[in-house]
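One structure below.
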Amino acid sequence: WCHAFLGDWLMAASYAERLFKDSKWSKACYMYQRAAFLVMCEDQTEDSRQNLLSLFRQVPVLKQRIAGKSLPIEKFAVDKSARYMEHQSLILPGYELIYVWNGFTILGKRRELVEPVLARVETTLQELDRTRDYNPLYHDDWCLSTLLKGVCLKYMDHPTEAEGCFQEVCKCAPQIQQDQYLPPYACAELGFLYLQQNRLQEAKHHLDRVLSQYKGYRLESRLHFRVQAAQAAVSVAKTTADAPATATREEDALRT
């Protein structure tokens, strides 16, 4: 992950390959991780594209079932691998992995690491605009890129611009073909942003909406953990904010 945060995708892929060989955890995830990091490398050749196809083809074969169930992150990896095999492209899969593993909480602590991410995301959005008329997954790709842009802007202390990005992704929900997880994650990001700004009622509204409005998307339980933690933080913040007013009312009652 350290190399991924630094944008050193070849080294990141190398360590993912090592984890694939040495770790007993999800082989499918490590194979997908390696392939996703390699996709991020620029100046792909025909040989490198064929190698990527070979890696992505292995992901569904490596998926495990534990007690009759698959790991949610493996299902995500299988879906993305199938998409690459069909379209021979994925949009910013390395940054997407960093995001779904909540890695921006680390990356975002250093502005100099976020800036190149934002630059590449904005370049990707410009390139996507040229594919709008013939890309069947344009809205999926645009929403992922816009969500990542919003996250970068949030950590670069541009909350208004970040809020606009998250709102646009939420509005785009009916047009998304495959990445149904993007609108609920964007809605949650609005809740996290409002909590950070102490806009507690708006934060509560959006966090509650994530749990009530969106169902059956990839990585749902992963997001629920984060939302429930934020809801608890909202409750604590509201209690703290209400305490002085309650104390004042009690003092007034004692004086009467």
Need the failing condition index for LEU148 against (1) open to solvent by 10 Å² or more (accessible area, probe 1.4 Å); (2) in contact (Cβ under 8 Å) with a residue 24 or more places away in the chain; (3) part of a helix (DSSP H, G or I), just the number.
(1)
Residue list for the range 151-166, restricted to those being in contact (Cβ under 8 Å) with a residue 24 or more places away in the chain and either under 17 Å from the mean Cα position of the chain (by Cα) or closer than 15 Å to GLU122 by Cβ (or both)
VAL151, CYS152, LEU153, LYS154, TYR155, MET156, ALA162, GLU163, PHE166
Whether any residue in the range 118-141 is in a helix (DSSP H, G or I), of a type in the set (Val, Ile, Thr), open to solvent by 10 Å² or more (accessible area, probe 1.4 Å) and out of contact with any helix residue (DSSP H, G or I) (no Cβ under 8 Å at 6 or more places or on another chain) is what I want to check.
yes
Can you pull out the residues in the range 204-231 that are more than 15 Å from the chain's Cα centre (by Cα) and under 15 Å from CYS170 (Cα atoms)?
HIS205, HIS206, LEU207, ASP208, ARG209, LEU211, SER212, GLN213, TYR214, LYS215
Considering GLU202, GLU189, which residue is open to solvent by 70 Å² or more (accessible area, probe 1.4 Å), acidic (Asp, Glu) and in a helix (DSSP H, G or I)?
GLU202
Filter result (open to solvent by 80 Å² or more (accessible area, probe 1.4 Å) and either modelled with pLDDT of 85 or more or within 20 Å of HIS205 (Cα to Cα) (or both)) within the range 215-250:
LYS215, ARG218, PHE225, GLN228, VAL236, THR239, THR240, ASP242
Residues in the range 168-179: is at least one touching a residue at least 24 places away in the same chain (Cβ under 8 Å) and basic (Lys, Arg)?
no
Would you tally the residues in the range 164-186 being farther than 24 Å from PRO136 by Cα and open to solvent by 30 Å² or more (accessible area, probe 1.4 Å)?
0
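The values are calculated or read from the model by the stated rules, or taken from the named source; none is laboratory data. Treat the numbers as computed from the prediction; the structure is a model and nothing was measured. Methodologically, a virtual Cβ is constructed for each residue, glycine included, from the backbone with ideal geometry; neighbour enumeration extends over all protein chains shown. Just the protein is used for accessible areas: all its heavy atoms, side chains included, with ligands, DNA and RNA removed. Shrake-Rupley method; radii C 1.70, N 1.55, O 1.52, S 1.80 Å.
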